[in-house]
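The values are calculated or read from the model by the stated rules, or taken from the named source; none is laboratory data. Only a predicted model underlies this, so the values are computations on that prediction, with no experimental measurement involved. Positions of Cβ are generated from backbone atoms using ideal geometry, with glycine treated the same way; all protein chains shown enter the neighbour counts. These area figures cover heavy atoms from the full protein model, side chains too; ligands, DNA and RNA do not enter into them. Shrake-Rupley method; radii C 1.70, N 1.55, O 1.52, S 1.80 Å.
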Amino acid sequence: MATYKVISRGRVPMMMMNLKRSNDVEKMVLPSLVEDDDDHDLWPLNEIDTRKSKFPCCIVWTPLPVVSWLTPFIGHIGLCREDGVILDFAGSNFIDVDDFAFGPPARYLQLDRTKCCLPRNLGGHTCKYGFRHTEYGSSVTWDDALSMTTRSFEHKTYNIFTCNCHSYVAHCLNRLCYGGSMEWNMVNVFILVMLKGKWISPSSVVRSFLPCALVTSLGVAFVGWPFLIALSSFSILLFAWFIIATYCFKNIIC
């Protein structure tokens, strides 16, 4: 509250104001901006609707023709917007929207938006990367990260060995700094889905593994055990390539 003091000589009233610190003034005048630095407005997500293929903020997975018949754990993945629409890198310079390539999802993993770093400005980072995150291309919302990643991959050539659907998801998670990490790549995205992903239904399990079981049975029946050895060798070499290329030859991975 303001107080007055009278100067004896001139009898001029002088107002002595209680001064406030600058940060107190900021909180008083711009309360909404101060709160936004620490807590982002994350509106509630709709429920997952498997019949309509709506998976808000989820990674979704489906088996690939031929490739999954030989190695059932290798498949096609996409990332979903907050409204549940699936986006996936399905071919060179092409992002599929709400039309998941290679069939409906068989597995899904819903991610936690509160584990994302969504800075409003350079000083608003909640992750340890700070300027590196901003330089890479940070986002202010979940959908913003997908939009920026989509614009980037619309100019990339699809290659199952070096630049594929897993690259798209990893790139987006790095923009979000999901889980406080900017080290997402094809390998750890694959591991995340395989370990924590949920099957949509028993029929999804059958659809994913039955073709491989039939191919293996027919191969062993007509060729013998050398077919099983060759199939196992193919799977090991495929996994070895992704691990070596991702961690030893990063310059060839998009």
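In summary, SER217 fulfils each of the numbered conditions (1) touching a residue at least 24 places away in the same chain (Cβ under 8 Å); (2) assigned to a helix (DSSP H, G or I); (3) not basic (Lys, Arg) with the single exception of condition (1).
Filtering the range 223-244 to residues that are over 24 Å from the mean Cα position of the chain (by Cα) and among the aromatic types (Phe, Trp, Tyr) leaves TRP225, PHE227, PHE234. Applying the criterion of being more than 25 Å from VAL67 (Cβ to Cβ) and touching a residue at least 60 places away in the same chain (Cβ under 8 Å) to the residues of the range 156-189, the residue that is surrounded by the fewest Cβ atoms within 10 Å (Cβ to Cβ) is GLY180. Of all residues in the range 94-104, at least one satisfies being of a type in the set (Asp, Glu) and open to solvent by less than 40 Å² (accessible area, probe 1.4 Å). Of everything in the range 67-84 that is β-branched (Val, Ile, Thr) and open to solvent by less than 10 Å² (accessible area, probe 1.4 Å), the residue that is modelled with the lowest pLDDT is THR71. Looking across the range 121-148 at every residue that is touching a residue at least 60 places away in the same chain (Cβ under 8 Å) and not in a loop (DSSP other than H, G, I, E, B), the one that is most open to solvent (accessible area, probe 1.4 Å) is identified as ASP143. Once the range 53-66 is narrowed to residues that are assigned to a strand (DSSP E or B) and open to solvent by 10 Å² or more (accessible area, probe 1.4 Å), the residue that is farthest from TYR168 (Cα to Cα) is LYS54.
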